[in-house]
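Only one structure is covered here, and it is reproduced in the block below.
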Amino acid sequence: MKQSKNLPIAVFVGILGVVLFSAKAVMVKLAYQYNVSSVNLLMFRMLFALPFYILVLIFSKKKNEKLEKKDFLWLVLFGFIGYYLASYFDFLGLQYIKASIERIILFIYPTIVVVLSRIFLKRPITKVQMLAILLTYLGVIIAFWDEMAVEGATFLVGAGLIFSSALTYASYLTGSDWLIPKFGVVRFTSYAMIISCASVVLHYVLFEQTSLLGYHPNVYWLGLAMAVLSTVIPSYLVSYCIKEIGASNFAILGGLGPISTIALASIFLDEKLSWLQFAGTFLVIFGIVLISVNKSTYKKSGS
């Protein structure tokens, strides 16, 4: 593990960030009980979060590195793909599937990063990574089995949308890796979230005809909670943790994400998973931990 003088604090902060992020799906499902559209709910999340990101951007320290026009164009693209599109697909998918199943599907994004890196960056896939990918997707199939038998096509629509969210987020991670050091993690995250908010507003203006007013008060409270507790705070907690222990080691901590969502969904949504789904979940987590550990070893070897 990457050495850090603040290792216990960094690990605690990383776990807290993972738990807060995983609570988002539960809040979305709770809000859907009040017949709010996915676009409007996403609007509430982004609009409540926007002032915080603007303030952080204003007071954060600029990097000394010179930025070019093309850097900002890439930033706009990655902000659109990684935060707007990924969030939109996620919110849509949660209309069709359980919050706990959503987190299992989203959690496979590291395997997609490995595949995309092989296709576009020509980075080889090791035998251990291939085994991890196979185990991960086997776990997803096992976790899906009961839901597919009961829900059928509806479940497949939701699963397809959540997979699209994982794919767009993985594309963002693959493409933005070289850009983040130029801006710095904090400023890059702030810029990307502001761009995402602008994209959501544009989507609302062009395609959504429903009013943002007149919803049950709980919808607005849940939107605020999503913005602060499951967007702003964890985004910076995770950034700090990655800085201290490294992205690969943080991905191992991320294994708590599905478990946290399952626990929260059981408490607040009364969702229950079968033993088969639990088995699939832990197989997915094992696969992601394996691919993360191998990625860290692979980098240290200098290959």
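For segment 1-120, list log₁₀ I(q)/I(0) at each q in 0.10, 0.13, 0.16, 0.18 Å⁻¹, using the Debye formula over Cα point scatterers of equal strength and ignoring solvent, two decimals each. These q points yield log10 I(q)/I(0) values of -0.47, -0.80, -1.16, -1.31.
Couplings for segment 98-107, taken from phi via the Karplus curve 6.51 cos²θ - 1.76 cosθ + 1.60 with θ = phi - 60°, read 5, 4, 5, 5, 4, 5, 5, 5, 4, 5 Hz in order; Gly and Pro are left as x.
Is the shape of segment 80-229 rounded, prolate or oblate, going by the alpha carbon gyration tensor and its root eigenvalues a ≥ b ≥ c, with a/c under 1.5 for rounded and a/b larger than b/c for prolate? Since a/c reaches 1.5 but b/c is at least a/b, the shape of segment 80-229 is classed as oblate. Remark on ARG123: its backbone amide H falls under 5 Å from those of ARG118, a criterion applied only to residues 5 or more positions apart or on other chains, H modelled at 1.01 Å from N. What segment 45-162 shows is 54 Å² of accessible area per residue, with the surface traced by a 1.4 Å probe over protein heavy atoms. Compared with the direct C-alpha span, the chain from LEU269 to TYR220 gains 15.8 nm at full extension, assuming 0.36 nm per residue.
Under the simplified labelling scheme, the ILE141-LYS63 pair shows an inter-label distance of 4.1 nm, with each label point 7 Å from Cα along Cα→Cβ. For segment 126-198, the alpha carbon convex hull comes to 125 Å³ per residue, rounded to a whole number.
Pairs over the 25 Å Cα-Cα cut-off, from the set LYS70/LYS122; LYS243/LYS272; LYS24/LYS61; LYS24/LYS127; LYS24/LYS62: LYS243/LYS272; LYS24/LYS61; LYS24/LYS127; LYS24/LYS62.
In summary, the chain shows an alpha-carbon radius of gyration equal to 0.98 times the 2.2 N^0.38 Å reference for compact globular proteins.
Full extension of the chain between TRP74 and GLN33 gives 11.0 nm of extra length, using 0.36 nm per residue less the Cα-Cα distance. Calculated [222 nm] ellipticity per residue, helices only, for the chain: -25500 deg cm²/dmol; basis is -39500 (n - 2.57) per DSSP H run with n ≥ 4, divided by all residues, nearest 500. Taking 0.36 nm per residue of separation and subtracting the current Cα-Cα distance, fully stretching the chain between PHE120 and VAL228 would add 35.4 nm. To put it simply, the accessible area of the chain at a 1.4 Å probe is 71 percent carbon and sulfur. Using equal-weight Cα scatterers in the Debye expression, the normalised intensity of segment 32-98 in log10 at q = 0.24 Å⁻¹ is -1.14.
The values are calculated or read from the model by the stated rules, or taken from the named source; none is laboratory data. From a predicted model like this one, the values you see are computed outputs, not experimental measurements. Counting neighbours? That spans all protein chains shown, and the Cβs are built from the backbone with ideal geometry, glycine included. These area figures cover heavy atoms from the full protein model, side chains too; ligands, DNA and RNA do not enter into them. Shrake-Rupley method; radii C 1.70, N 1.55, O 1.52, S 1.80 Å.
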